[in-house]
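These notes concern the structure reproduced below.
The values are calculated or read from the model by the stated rules, or taken from the named source; none is laboratory data. Note that the structure is predicted; figures quoted are calculated from it, not measured. We place every Cβ from the backbone using ideal geometry, glycine too, and count neighbours over all the protein chains shown. Note: accessible area is taken over every heavy atom of the protein model, side chains too, but ligands, DNA and RNA are not part of it. Shrake-Rupley method; radii C 1.70, N 1.55, O 1.52, S 1.80 Å.
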Amino acid sequence: MGNFRRVPVGIVGASGYGGVQLVRLLMDHPNVELVYLGGDSGIGKSFASLYPHLAHAVKLSIEEIDPEVIARRCEVVFLALDNGLACQIAPTLLERGCKVIDLSADYRFRNLLTYTSWYGLERRDRTTAATAVYGLPEIYREQISEAQLIGCPGGYATASLLALFPLLKQGLIAPETAIVDAKSGASGGGRDAKTYLLLAEADNSLAPYSVVRHRQTPEIEQICSDLAGHEVTVLFTPHLVPIVRGTLATVYATLRDPGLVGDDLTTIFTAFYRNSPWVKVCQNGIYPQTKWATGSNLCYLGVDVDPRTGRVVAMSAIDNLIKGQAGQAIQCLNIMMGWDETLGLPNLGFYP
């Protein structure tokens, strides 16, 4: 115990909702020391000036983003930046020996043409991107354990793929029939001021957005294609609901074996996720709610069958800021470092 050393970690882009969740969780992680917070705005200001309720706990200030300086001080760096920024500094951090965990979309795609098509940004870091591992531990745990660069999934993709994973991996559905209907709270839109997120706009309302063009669609399709063994196209529609945090994804697909019933699928899902500590499969007839997951790194799954249509209905609830963002990033950190996958993460939500 006398030789125990806490791993120095830093966060670039700590001012957003994902960043502040990382700060909170890393401050409580027993194996790390948070030594650096970086950002382009607020340089020299205390982190507490952005989040006064953390003044008693976080004494760090916002520093300039200098990859050389960061690499000298940190062994692990979390990038919580806007899309198109992580790819500008990740190569230098990796060259200097850092492990990098990116929360943006920059390193989620194997084919950067797909990234450019959906995000409108040209890339010059193809060699670096080719080394990235998609950071959904329940699917890519082994690859994450050997990676230096992780591209963490989006919240919608996380919830959707955890519901789809057993169905595709076990060949239970016709992949081309998959439809994802997903809903998420206002925190998924980030901390920047946006008209559609104003209380007067979002409260007492339920609204679809980015219909047939949401940017997490190709991310979901990429992993579904991986699981199915051939190219898969998924219809994905997101909705904004008047809650602060939480994502619920409901997946519909045609079963290959119409004789399967809800109990069968529940048994299959339970066995499939028996070694995944952050996934909890509900008993048949019990369906997940976002409130159950709020404040935790848990994903609650429910599954049932509609015998009239021969379709499966799989439901997935997560906290979009924890399992859908910061918590999942730390779950990846634990796996990369060879630590217990549950270390430093909340395993019970805030209820009610």
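Inspect region 78-92 for any residue being hydroxyl-bearing (Ser, Thr, Tyr) and open to solvent by 20 Å² or more (accessible area, probe 1.4 Å) and give the result as yes or no.
yes
Does Glu142 satisfy the condition of being part of a loop (DSSP other than H, G, I, E, B) and either of a type outside the set (Gly, Ala, Ser) or at pLDDT 95 or above (or both)?
On the way: part of a loop (DSSP other than H, G, I, E, B): no; either of a type outside the set (Gly, Ala, Ser) or at pLDDT 95 or above (or both): yes.
No.
In region 145-173, which residues are among the charged types (D, E, K, R) and in contact (Cβ under 8 Å) with a residue 24 or more places away in the chain?
Listed by number, the list holds a single entry, Lys169.
In region 287-317, what residues are among the hydroxyl-bearing types (Ser, Thr, Tyr), assigned to a loop (DSSP other than H, G, I, E, B) and open to solvent by 20 Å² or more (accessible area, probe 1.4 Å)?
Tyr287, Thr294, Thr309
Quick one: which of Tyr51, Tyr36 is open to solvent by less than 20 Å² (accessible area, probe 1.4 Å) and either in contact with a Cys (Cβ under 7 Å, 6 or more places away or on another chain) or without any contact (Cβ under 8 Å) to a residue 12 or more places away in the chain (or both)?
Tyr36
Do we find a residue being touching a Gly at 6+ places or on another chain (Cβ under 6 Å) and not in a strand (DSSP E or B) anywhere in region 249-271?
yes
Please go through (1) touching a residue at least 60 places away in the same chain (Cβ under 8 Å); (2) polar (S, T, N, Q); (3) open to solvent by 20 Å² or more (accessible area, probe 1.4 Å) for Thr267 and return the number of the only condition it doesn't satisfy.
Condition not satisfied by Thr267: (1).
Out of all the residues in region 99-155, which are of a type in the set (Val, Ile, Thr), farther than 24 Å from His214 by Cα and open to solvent by less than 10 Å² (accessible area, probe 1.4 Å)? So that I can check it myself, show each step before the final result.
Keep residues of region 99-155 that are of a type in the set (Val, Ile, Thr), which gives 100-101, 114, 116, 127-128, 131, 133, 139, 144, 150.
Retained after the next criterion (residues that are farther than 24 Å from His214 by Cα): 100, 127-128, 131, 144.
Of everything in region 99-155, those that are of a type in the set (Val, Ile, Thr), farther than 24 Å from His214 by Cα and open to solvent by less than 10 Å² (accessible area, probe 1.4 Å) turn out to be Val100, Ile144.
What is the number of the single condition among (1) modelled with pLDDT under 95; (2) open to solvent by less than 10 Å² (accessible area, probe 1.4 Å) that Asn334 does not meet?
That leaves (1) as the condition not met.
Hey, among Glu68, Glu146, Glu122, which residue is closer than 22 Å to Trp278 by Cβ and either touching a Lys or Arg at 6+ places or on another chain (Cβ under 9 Å) or charged (D, E, K, R) (or both)?
Working: Glu68 fails: closer than 22 Å to Trp278 by Cβ; Glu122 fails: closer than 22 Å to Trp278 by Cβ.
One residue alone meets the criteria, Glu146.
Hey, Ser15 hits all of (1) under 21 Å from Ala129 (Cβ atoms); (2) under 22 Å from the mean Cα position of the chain (by Cα); (3) in a loop (DSSP other than H, G, I, E, B) but one; which does it fall short on?
For Ser15, the failing item is (1).
Of all the residues that make up region 63-84, how many are charged (D, E, K, R), in a loop (DSSP other than H, G, I, E, B) and under 19 Å from Asn31 (Cα atoms)?
1
Tell me, yes or no, whether region 339-351 has at least one residue that is farther than 28 Å from Gly190 by Cα and either crowded, with 24+ Cβ neighbours inside 10 Å or of a type in the set (Phe, Trp, Tyr) (or both).
Looking for residues that are farther than 28 Å from Gly190 by Cα and either crowded, with 24+ Cβ neighbours inside 10 Å or of a type in the set (Phe, Trp, Tyr) (or both), one finds at least one in region 339-351, hence yes.
Consider region 171-209. How many of its residues are buried (at least 20 other Cβ atoms within 10 Å of the Cβ) and charged (D, E, K, R)?
Within region 171-209, residues that are buried (at least 20 other Cβ atoms within 10 Å of the Cβ) and charged (D, E, K, R) number 1.
Considering only residues of region 270-286 that are among the hydroxyl-bearing types (Ser, Thr, Tyr) and touching a residue at least 40 places away in the same chain (Cβ under 8 Å), which is surrounded by the fewest Cβ atoms within 10 Å (Cβ to Cβ)?
Applying the filter and picking the extreme gives Ser276.
Cβ contacts < 9 Å: first residue at positive phi, restricted to region 68-87; second residue open to solvent by less than 40 Å² (accessible area, probe 1.4 Å) and part of a loop (DSSP other than H, G, I, E, B), any location; separation 6+ or different chain. Result?
The qualifying pairs are Gly84/Ser104; Gly84/Ala105; Gly84/Asp106; Gly84/Arg123.
Tell me which residues, restricted to region 156-170, are more than 30 Å from Gly97 (Cβ to Cβ) and either of a type outside the set (A, V, I, L, M) or open to solvent by 40 Å² or more (accessible area, probe 1.4 Å) (or both). Quick ask: steps written out before the conclusion?
Let us first name the residues in region 156-170 that are more than 30 Å from Gly97 (Cβ to Cβ), namely 156, 159-170.
Tyr156, Ser160, Phe165, Pro166, Lys169, Gln170, listed by residue number.
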